[in-house]
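Nothing in this text is a laboratory measurement; each read-out follows from the coordinates by a stated rule. In this text the structure is predicted, and so the values were computed from the model without any measurement. Counting neighbours? That spans all protein chains shown, and the Cβs are built from the backbone with ideal geometry, glycine included.
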Amino acid sequence: MKIDSIPLYPHIHVTKPQTIIDNQTGVASMKVLLVFNKLSDFKDKIYQSFLEKLGEKAHVDVYVHQVTPLSTQHFDQVIRERITEYDHVAVLLHSSYLHEDVLKTLNSIPKEKLLILDKRNEFIRGEYACVYHDFEEGIQRIFTEMNDSLSKYQTINLVVNESNTIAKSLEEGIQKFAKQYSFDFHVINEIKEEVVKPNQVFLVLSEQGLADILKLCTKLQLSLGKNIGIISYNETPLKEVLFGGISVVTINYEELGRQAADLILQRKKEHIKTPIRFIQRNSL
């Protein structure tokens, strides 16, 4: 099923209404509302695996809501007006913060309907379903397992272009690892020539940051995997071949979508942690 969206409110889209009829029973299947903060290739992977796992047992509508202080009223209005139309509401609103009003709206959703994706939130009350990642624990585990490869470097740099919950969790996890294994650790907001030096490893969260540091490595004649290390966030096909292969810390988005669909199909209120993966290549 293709996402075919039409504007409903500013910053929000909803798929054109359809009804899927169960071929065997002749009654409408369950309806699921899937809420994203934005559309991307990674969100599409979640959507496609979610849809595939649910099959003909559910019809899925997709809302896109960019979390800002000015858009919370629209978000609340849409959810409260339409909540009775859906059996389940699956929400992925990754943002640098979740506004108090958004949390209030999420808490208004009956917990037997609510499914939170990607990140648990302590301010969402009650028993609800959740598929989440623990980036702090995950990066600490990965770096500990890769300590032999990291040991040729003196400093670990986390390159963050914008503050968000993922960046904060990664920072806390790396900080613990660096303290335990005696690495210097810095958080960098912008890639500049003066910060790109030998004997350092960089975990770069944005695609633009990756492009910037690769250009500087070429200019400064630094050799990836030898006197400088680069780890990127999120796997893409290009990273398999770029500069002989870029190492990545990544999420299995397809598995997240499948696990979310399983919780809906089984009507469970469990919290399932999906692991952060590391793929080592030439750049480390």
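Miscellaneous remarks
- Ascending count of other beta-carbon atoms within 10 Å, so fewest first, for ASP148, ASP61: ASP148, ASP61
- Relative contact order %, the stretch 99-152, counting alpha carbon pairs below 8 Å whose residues are six or more apart: 27
- Out-of-range pairs (alpha-carbon distance over 21 Å; input LYS152/LYS239; LYS113/LYS273; LYS43/LYS239): LYS152/LYS239
- Under 19 Å from LYS192, Cα to Cα: aspartates and glutamates that are on another chain or at least 8 residues apart: GLU162, ASP184, GLU207, ASP212
- Cα centroid of the stretch 48-99 to Cα centroid of the stretch 206-259, whole Å: 31
- The ranking of HIS65, HIS271, HIS133 by Cβ neighbour count inside 10 Å, starting from the fewest, reads HIS271, HIS133, HIS65.
- Sequence-ordered 3J(HN,Hα) estimates for the stretch 253-266 from the Karplus curve with 6.51, -1.76 and 1.60 and θ = phi - 60° stand at 5, 5, 5, 4, x, 5, 5, 4, 5, 4, 4, 5, 5, 8 Hz, glycine and proline given as x.
- In order through the stretch 190-202: 3J(HN,Hα) via Karplus (6.51 cos²θ - 1.76 cosθ + 1.60), integer Hz, x for Gly, Pro: 8, 7, 10, 4, 6, 9, 8, 10, x, 6, 10, 10, 10
- The orientation-averaged projected area of the convex hull spanned by the Cα atoms of the stretch 26-127 comes to 6.7 nm².
- Sparse-neighbourhood loop sites, GluC sites (Glu not before Pro) in the stretch 179-260 - DSSP loop, at most 10 other Cβ within 10 angstrom: GLU190
- Percent RCO, i.e. relative contact order, over the chain, from Cα pairs under 8 Å lying at least 6 residues apart: 18
- Nearest-20 debye value, the chain charge dipole, Cβ charges on Lys, Arg, Asp, Glu: 220
- Fraction of the pair-distance distribution of the chain above 33 Å, Cα-Cα pairs, percent: 31
- Contact order normalised by residue count of the stretch 135-250, Cα under 8 Å, 6+ apart, percent: 26
- For the chain, the share of DSSP beta bridges that are antiparallel, to the nearest 5, is 25%.
- Cα-based helix-to-principal-axis angle, 165-181 vs the chain, degrees rounded to 10: 40
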